[in-house]
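To keep things clear, I will list the structure first and then write my remarks on it.
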Amino acid sequence: MEESDTSNYFLFFCVYKFSVILISGFPFQNNAQINDFSIMKNLGEGSFGLVKLVEHKATKEFYAMKVLIKAKVVKTKQVEHTLQEKKILQAISHPFLVNLKYSFKVLYTLQMIPI
């Protein structure tokens, strides 16, 4: 394992165990919009929202899009946890962990698309 791989693992461990938000040197580029995706079908449902299968129109790649309903997140007082989840997924880069590829805010929902 290379030194950078070890530091990435340690970064995730620190963030997870102590709720410390550290931003690594991996740039998060969010240059897509919700209109860049075609919704194929629903994959599942949770307490805060849905998971949908989407296809990126330009690249024809498939992703699972997590759709969080803002009102449910606020009502259950999970705003801080949701923001921390987004920051953690943006900061980490490891082949065994989910990395955040895109995120959007639409009128009543938040969307996160990991790779």
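Here, each number is a calculation from the coordinates, and none is a lab measurement. Please read all numbers here as calculations on a predicted model, not as lab measurements. Every residue, glycine as well, gets a Cβ built from its backbone with ideal geometry; the counts of neighbours run over all protein chains shown.
Residues satisfying the criterion are absent from the stretch 88-96 (criterion: under 14 Å from the mean Cα position of the chain (by Cα), exposed (fewer than 13 other Cβ atoms within 10 Å of the Cβ) and without any contact (Cβ under 8 Å) to a residue 60 or more places away in the chain). Scanning the stretch 39-77 for residues that are surrounded by 11 or more Cβ atoms within 10 Å (Cβ to Cβ), among the hydroxyl-bearing types (S, T, Y) and in contact with a Ser or Thr (Cβ under 8 Å, 6 or more places away or on another chain) turns up just one, T76. Summed over the stretch 54-79, residues that are over 13 Å from T109 (Cα atoms) and of a type in the set (D, E, K, R) total 6.
Every condition in (1) assigned to a helix (DSSP H, G or I); (2) out of contact with any strand residue (DSSP E or B) (no Cβ under 8 Å at 6 or more places or on another chain) is met by K77 except one, and the failing one is (1). Within the stretch 40-53, residues that are within 20 Å of Y108 (Cβ to Cβ) and touching a residue at least 24 places away in the same chain (Cβ under 8 Å) sit with their Cβ atoms under 6 Å from residues that are assigned to a strand (DSSP E or B) and of a type in the set (A, V, I, L, M), at 6+ positions apart or across chains, in these pairs: F48/L68; G49/V67; G49/L68; G49/I69.
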